[in-house]
Amino acid sequence: MDAKKYYFDYTANTPLDPQVRQTLAEFYADHYGNSAGIHRFARDMKTHLDEARAYFARFIGAKSSEIVFTASATESNNTVLKGLVRHYPDKKHILISAIEHASVYNTARVLRASEFEVEEIPVNTEGSVRPEEVKNRIRPDTLLVSVMWVNNELGSITPIGEIGKICREQGALFHCDAVQGFAKMPLNVHKMSIDFLTASAHKIYGPIGVGLLFIREGLKLEPLLHGGGHENGLRSSTVNVPGIVGFRKAIEIYERNHQKEWQRVSEFRQQLLSFIQNEIDGSRINSPANGIPHIINCSFDKVNGELLAIALDKQGIAVSTGSACSSGKIIKSRVLGAIDVPMNFQAGTIRISLGRYTTQEETDYLKEQLKQAVNKVRKIS
């Protein structure tokens, strides 16, 4: 019999909700046309696609015509940044926060190499972008401001509604990577003056391989993929209707349960924070107290974070050393650097993320094993 597994890496990927799994199984069994066709099988798929698009539009306060489905948030982010610059050749200035996800940060680096000026907006010590920092940096030639809603390493929350309003007043377009906050907090793209927004199904117990892209009506993007002209010409490729239906189901579940889930996760988070701070010597909490409850970023002096994650894994516990997109790479965290975490702590950092299936038993086991693992690794680091 396999040893019991304790999953604390919900920020990287969430388990597929059983109800979503059932929805996918039933859909795959009964629906298999190509939504771009004209026969009844295709029309059936198109109907489900249209219904899902209308549902997502309502969910974020948008119009159906403003919703584009992709294969991932990374694709959506790339589509916005790379697709936008080709339509506005006279604007060469782009603002991004210093703690953006790699799919935004590294895409901006590519644009910088193509004669665009990319400026980083600093964050405060809690890892949040101050609206006044954005206002002070917008220029007449600023094309885009890209600021994430919830940081994937720290869990810090940025007031994107205030930033969106500033961008609208100053004539700059605003893009928000909303992956970690999507469905967890209230969202209305038009009330928050958001021009582009990205999200992903696999962060909210939906299937891997489905992304969402909101594009405000009237704005133009050059697509990354050219072909049959799917998604109003913005994303050529056979549309993953089953995955989109699964994504919708995941959102429906969240709408019903998110308040109870937020409360449960908050309680477990507080237990872990108190334990780490009071029971483990040489510890530091990097996540802000007012951050999203699902993420705890913590560091330990004189500890190798990679070895700590491995030690916990041997006890059946899954945690991360940072962003999943950078796992396996021993590199300095620019996110931790941006909030001035001392170097002696940066090397000993792990990210614990909680979710729908976290239990009291799992939380207690993590506390017990974490203290033992820190002491063990500290001796050999």
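Observations on the structure shown:
- Pairs are defined by a Cβ separation below 6 Å, a sequence spacing of at least 6 or placement on different chains, a first member in the range 46-57 that is touching a residue at least 60 places away in the same chain (Cβ under 8 Å) and part of a helix (DSSP H, G or I), and a second member that is of a type outside the set (A, V, I, L, M) and surrounded by 18 or more Cβ atoms within 10 Å (Cβ to Cβ); the pairs so defined are L49/S35; A52/R248; Y55/R248.
- Matching option when the condition is crowded, with 23+ Cβ neighbours inside 10 Å, modelled with pLDDT of 95 or more, closer than 20 Å to N13 by Cβ and not basic (K, R), among T359, T349: T349
- Residues that are touching a strand residue (DSSP E or B) at 6+ places or on another chain (Cβ under 6 Å) and β-branched (V, I, T) were ranked within the range 97-122; the one that is surrounded by the most Cβ atoms within 10 Å (Cβ to Cβ) is V104.
- Selection within the range 221-248 - more than 25 Å from H190 (Cβ to Cβ) and assigned to a helix (DSSP H, G or I): V241, P242, G243, V245, G246
- Any hit, the range 84-100, residues being in contact with a Gly (Cβ under 9 Å, 6 or more places away or on another chain), closer than 24 Å to P186 by Cα and touching a residue at least 60 places away in the same chain (Cβ under 8 Å): yes
- Residue match in the range 259-266 (condition: surrounded by fewer than 18 Cβ atoms within 10 Å (Cβ to Cβ), modelled with pLDDT of 95 or more and of a type in the set (F, W, Y)): yes
- Pick from the range 85-96, criterion modelled with pLDDT of 90 or more and assigned to a loop (DSSP other than H, G, I, E, B), ranking: surrounded by the most Cβ atoms within 10 Å (Cβ to Cβ): K91
- The residues on offer are A57, A42, A29, and the sole one that is at pLDDT 95 or above and small (G, A, S) is A57.
- Residues in the range 140-158 that are over 18 Å from R334 (Cα atoms) and surrounded by 24 or more Cβ atoms within 10 Å (Cβ to Cβ): 2 in all.
- Matching residues in the range 32-45 - criterion: being in contact with a helix residue (DSSP H, G or I) (Cβ under 6 Å, 6 or more places away or on another chain) and outside any helix (DSSP H, G or I): G33, N34, S35
- Boolean, H39 is in contact (Cβ under 8 Å) with a residue 40 or more places away in the chain and either under 24 Å from G228 (Cβ atoms) or in the same structural domain as F182 (by TED's automatic domain parsing) (or both): no
- Any chance L225 is surrounded by fewer than 21 Cβ atoms within 10 Å (Cβ to Cβ) and assigned by TED's automatic domain parsing to the domain that holds L84: yes
- Among the conditions (1) surrounded by fewer than 19 Cβ atoms within 10 Å (Cβ to Cβ); (2) of a type in the set (D, E); (3) modelled with pLDDT of 95 or more, E66 misses just one, which is (1).
- Among the residues listed as A373, A309, the single one being farther than 30 Å from G206 by Cβ, touching a residue at least 24 places away in the same chain (Cβ under 8 Å) and crowded, with 19+ Cβ neighbours inside 10 Å: A373
- Candidates I296, I292, I253, filtered to the one that is of a type in the set (V, I, T) and part of a strand (DSSP E or B): I296
- Matching residues, the range 307-335, being modelled with pLDDT of 90 or more, of a type in the set (A, V, I, L, M), in a helix (DSSP H, G or I) and under 22 Å from A73 (Cβ atoms): V335
- Taking every residue in the range 62-77 that is of a type in the set (V, I, T) and pairing it with any residue that is part of a helix (DSSP H, G or I), at least 6 positions away or on another chain, the pairs with Cβ-Cβ distances below 6 Å are I67/R53; I67/F56; I67/A57; T70/S76; T74/S103.
- Exactly one residue among A57, A12, A71 is within 28 Å of H175 (Cα to Cα) and in contact with an Asp or Glu (Cβ under 7 Å, 6 or more places away or on another chain), and that residue is A57.
- Here V150 does not qualify as in contact with a Phe, Trp or Tyr (Cβ under 8 Å, 6 or more places away or on another chain), within 30 Å of S353 (Cβ to Cβ) and modelled with pLDDT of 95 or more.
The values are calculated or read from the model by the stated rules, or taken from the named source; none is laboratory data. The shown structure was predicted, so the numbers you read here are calculated from the model rather than taken from an experiment. Methodologically, a virtual Cβ is constructed for each residue, glycine included, from the backbone with ideal geometry; neighbour enumeration extends over all protein chains shown.
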